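Right, one structure below, let's go through it.
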Amino acid sequence: RKEVEQDPGPFNVPEGATVAFNCTYSNSASQSFFWYRQDCRKEPKLLMSVYSSGNEDGRFTAQLNRASQYISLLIRDSKLSDSATYLCVVRFSGAGSYQLTFGKGTKLSVIP
Amino acid sequence: DVKVTQSSRYLVKRTGEKVFLECVQDMDHENMFWYRQDPGLGLRLIYFSYDVKMKEKGDIPEGYSVSREKKERFSLILESASTNQTSMYLCASSPPTQVPSSYEQYFGPGTRLTVT
C-alpha cells in the first residue's frame, strides 16, 4: 500500500515567519523523497529532493526520518512569493518504481 | 529547458463524447504519465508509459485508455466522457535515471476538462 499523508493546512503566516510542514509515508521500503511546489492554477514543480542526512537550499530545509517514516520541510523568513501548495512526494521501490506518489498538499499563504 | 505541452488549457465536452487529450515532450524522455487532480483528492495517476507502445495502469484507469505511438507523444482517451471525469488533467515526463534522489517528473500546464 502506497500512501503519503500531509498536514491538512491551510497555513496562514506573516512575512518573515518560520513555518514547518510534515508528511508521513506508508511503506518502509520507499526509495526517494521530494517536495514539489504548485502555484495556484499552475503545474507542480520540483522544489527539492530530501536526503537521508537532511539538506538545505537557501531558506528551505528538508529532513527525513526513515525510522519514523516522516519527512519535513522548514521555510525560514517566509516571503509573499512562498505562497503556494507544497506537495510531499515519495518514490516507492519495487515494481513501478518510476511512479511517484503525491500527498494531497498543504496550502501556504504568506500575509503582508 | 524541458518542455511538456498539452493540446488545450480548457476543454468543454458533452456526456458520451469521445475525448482526446494530447501531451508532447521535447526532451526524449522514456517515461510519460497522465494524472488527474481534484480538490481534496490530490494528484492521482491514471496511466503511464515506459516506452513507445508500452502502457501500464495507474491507480484510477477505469474509463480511460492511452496511446503512445511515438516517444514524444502520449495521448489520454476518454472513450465516453462522463460528468465525474470533470477534472484538471496533468501530463508529465521523466528520463530514466540510476540515481533515485535525482529523479524528477516534469509537468505540462494541465488541461481543465469540463463534461456537461
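Bear in mind that the values in this text are calculations on the coordinates, not laboratory data. The structure presented is a predicted model; accordingly, all values stated were derived computationally and were not measured. Virtual Cβ from ideal backbone geometry, glycine too; neighbours counted across all protein chains shown.
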Note on chain B: contact order normalised by length, alpha-carbon pairs under 8 Å, 6 or more apart, percent, works out to 36 percent
Using alpha carbon positions and the Kirkwood radius, the Rg to Rh ratio of the stretch A:25-79 is 1.00
Partner aspartates and glutamates whose C-alpha sits under 12 Å from that of A:LYS107, ignoring same-chain residues fewer than 8 away, are A:ASP7, A:ASP39, A:ASP82
Shape call for chain B, from the Cα gyration tensor axes a ≥ b ≥ c (a/c under 1.5 means rounded, otherwise prolate when a/b beats b/c, else oblate), comes out prolate
Relative contact order of the stretch A:37-87 (C-alpha contacts under 8 Å, at least 6 apart) in percent is 36 percent
Dividing the mean separation of Cα pairs under 8 Å (6+ apart) by the residue count of the stretch A:28-112 yields a relative contact order in percent of 29 percent
Here FRET efficiency (C-beta to C-beta, A:SER52 to B:LEU41, R₀ 25 Å, nearest 0.05) is 0.25
Taking a straight Cα-to-Cα line shorter than 24 Å from B:LYS70, and setting aside same-chain lysines fewer than 8 residues away, one finds B:LYS3, B:LYS18, B:LYS53, B:LYS55, B:LYS57
Note on the protein assembly as shown: the mean projected area of its alpha-carbon convex hull, in nm², is 12.5 nm²
If the chain between A:ALA17 and A:LYS107 were fully extended at 0.36 nm per residue, the gain over the current Cα-Cα distance would be 30.9 nm
